[in-house]
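Trainee: Below is a structure I'd like to ask you about.
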Amino acid sequence: MTTSGQYLPSSLPGYFAWALETLPETRHLVAQLGKQGADYSSQIRHLLWRATYRPRIQWPAGFVGLGDWSRDTLSRSDWDYFSLIQEAPEDVIARPILHLGADQGTTSVPSPILEMASYDGFRRFIIRSLAGDGSAVIPMAALMIRGNPNQRLTIARFLGDATNGLVGLAAPAIPDLDQMLEWSRRIVEARELVLPDRLVSLAVAYANEVTRGGDD
Amino acid sequence: MRSSELVTMEVTVYRGQKWWDPAVTITASSLRSGVGIRDPLLWTTSLIQQINALEEKARAADKPATKQLEQQLLACQMMTYQNPFVSCTYERAVAGSFALSDGTPGYILEIRGPLEVGLDFEGVRSSLGLYGDAFDYLREYGLPIRLVAPFTVDEVVRVDGFAATVVYP
């Protein structure tokens, strides 16, 4: 899943591939990139962008159900993480202490459902952030604050490279409370975050890696 | 993770957590987080079987299985209901991060047992060329389903900031 890209922060190709290969709506693009190579990369931006605005969780094979919750009882929009917790990501960032590790506690939503929605959002916000959508940093940071230590580790590392160090970590580690509070403050103060659009560069690097046979 | 093989190596790993009670068996997160899952043990066991089967196929150069294993291991470490292992680490400092997460006290357990019984996440990834960069730092070793024999807890330390107190044995 890893790809190389000399002009890209080292962690981003891996995160890009992770999201691209596992999101239900973008998996088919892997094959297209493999067949058409870098020529397809400019087209992929539009397709990825569109796909990442449609929450959709895949019910795991063999999953027997969660009481009243099932794939049939939830509408498509219900799968959105922030709809499930009934909080806006901006509110989570504005009051991080109230939400610290909240997904690990008792919630009105069964934890597997919440985790599926969080994982779904995590991968979509990766694509959006890499496409230059600075607003995606807010929900991503909210997932980090409410999530478990593993989620914090992966999100903090991603944000460190995606925001060029404005928030997040430059090296892998589980962020501590003070760091997350500081990042929340920076995000609130920044009001509008501008990120570089790296999507086509990442798609080119990915396609080159695939066509070289390094992945498939 | 092939329990039928001859056990030749012992491993010492660490686990960081917020509570510890010697009377309570520590279980895989998929057993604990499955609110509403009808049979958490069946679910957990099936996850283990799935990972074992995928690893076996991946070692036989089955590319779809290799990709599926890569994704399953990522899911394991991102979603507690997908993780059929008691998460441990080879690094005491990493366990300390978990124990002290959110700035509150916690416990570090030192655990010993036969290497082949659990899953060395990074070992599997590196031997099969799987992506897992985001989690390399954890150096995770998973004990299947529960912390029970043949694994033993050798020491438990309560940590609070920079203070550490041995509470077991």
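The values are calculated or read from the model by the stated rules, or taken from the named source; none is laboratory data. This structure is a prediction, so every number in the text was calculated from the model and none was measured. Cβ sites come from the backbone with ideal geometry, for glycine too, and all protein chains shown count toward neighbours. Surface areas here come from the heavy atoms of the whole protein model, side chains and all, with no ligands, DNA or RNA. Shrake-Rupley method; radii C 1.70, N 1.55, O 1.52, S 1.80 Å.
Trainee: Using a 1.4 Å probe on protein heavy atoms only, how many Å² of accessible area do A and B hide from each other, summed over both chains and rounded to 100?
Mentor: Approximately 2900 Å², summed over both chains.
Trainee: Here is a further query. Around B:Arg139, under 12 Å between beta carbons, what's the net of Lys plus Arg minus Asp minus Glu among the other residues?
Mentor: My count for the surroundings of B:Arg139 gives -3.
Trainee: Here's something else I'd like to know. Taking θ = phi - 60°, what integer Hz values does the Karplus form 6.51 cos²θ - 1.76 cosθ + 1.60 yield along region A:86-98, in sequence order, with x for Gly and Pro?
Mentor: 6, 9, 7, x, 5, 6, 5, 5, 6, 10, x, 4, 5
Trainee: Given a 1.4 Å probe, show me the residues in region A:86-135 buried by at least 30 Å² of accessible surface when comparing the whole protein assembly to the chain alone.
Mentor: Flagged in region A:86-135: A:Ser111, A:Pro112, A:Glu115, A:Tyr119.
Trainee: For region B:110-149, list whatever residues lose no less than 50 Å² of accessible surface once every protein chain is in place, relative to that chain by itself, with the probe at 1.4 Å.
Mentor: Residues meeting the cut-off: B:Tyr131, B:Ala134, B:Tyr137.
Trainee: Once you put a point 7 Å from the Cα of B:Gln49 and another 7 Å from the Cα of A:Gln86, both along the Cβ direction, what distance in nm separates them?
Mentor: For the pair B:Gln49/A:Gln86, the computed spacing is 3.9 nm.
Trainee: For region B:22-169, compute Rg over Rh where Rg is the Cα radius of gyration and Rh is the Kirkwood radius from the inverse mean 1/r over Cα pairs.
Mentor: That ratio is 0.98, to two decimals.
Trainee: Then there's this: In whole Hz, with x marking every Gly and Pro, tabulate ³J(HN,Hα) for region B:141-147 from phi via Karplus 6.51 cos²θ - 1.76 cosθ + 1.60, θ = phi - 60°.
Mentor: Once rounded to whole Hz, the list reads 10, x, 8, x, 6, 8, 8.
Trainee: Return one whole number: the accessible area per residue of region B:27-92 in Å², for a 1.4 Å probe.
Mentor: With the other protein chains kept in place, region B:27-92 gives 41 Å² per residue.
Trainee: For n ≥ 4 DSSP H runs only, could you compute -39500 (n - 2.57) per run for chain B, divide by its residues and tell me the 222 nm figure to the nearest 500?
Mentor: Only helices count here, giving -10000 deg cm²/dmol.
Trainee: Still on this structure, please answer the following. Multiplying the sequence separation of B:Thr25 and B:Glu155 by 0.36 nm and subtracting their Cα-Cα distance, what value in nm do you get?
Mentor: That pair, B:Thr25 and B:Glu155, stretches by 45.3 nm at full extension.
Trainee: Then there's this: Using a 1.4 Å probe on the protein chains only, how many percent of the accessible area of region B:50-92 belongs to carbon and sulfur?
Mentor: The nonpolar share, carbon plus sulfur, comes to 52 percent.
Trainee: By how many nm would the segment from B:Leu115 to B:Asp39 grow when fully extended, if each residue of separation counts as 0.36 nm and the alpha-carbon distance is taken off?
Mentor: Stretched out fully, the B:Leu115 to B:Asp39 stretch lengthens by 24.5 nm.
Trainee: Send over a whole-number figure in Å² for the accessible area per residue of region A:73-174, probe 1.4 Å.
Mentor: Each residue of region A:73-174 exposes 30 Å² on average to a 1.4 Å probe.
Trainee: Here is a follow-up. Counting only other residues whose beta carbon sits under 15 Å from that of A:Ala156, what net charge do I get with K and R as +1, D and E as -1?
Mentor: Combined, the nearby Lys, Arg, Asp and Glu give -3.
Trainee: HN-Hα J couplings of region B:63-76 from phi, Karplus 6.51/-1.76/1.60, θ = phi - 60°, integer Hz, Gly and Pro as x?
Mentor: 5, x, 5, 4, 5, 5, 5, 4, 6, 5, 5, 5, 4, 3
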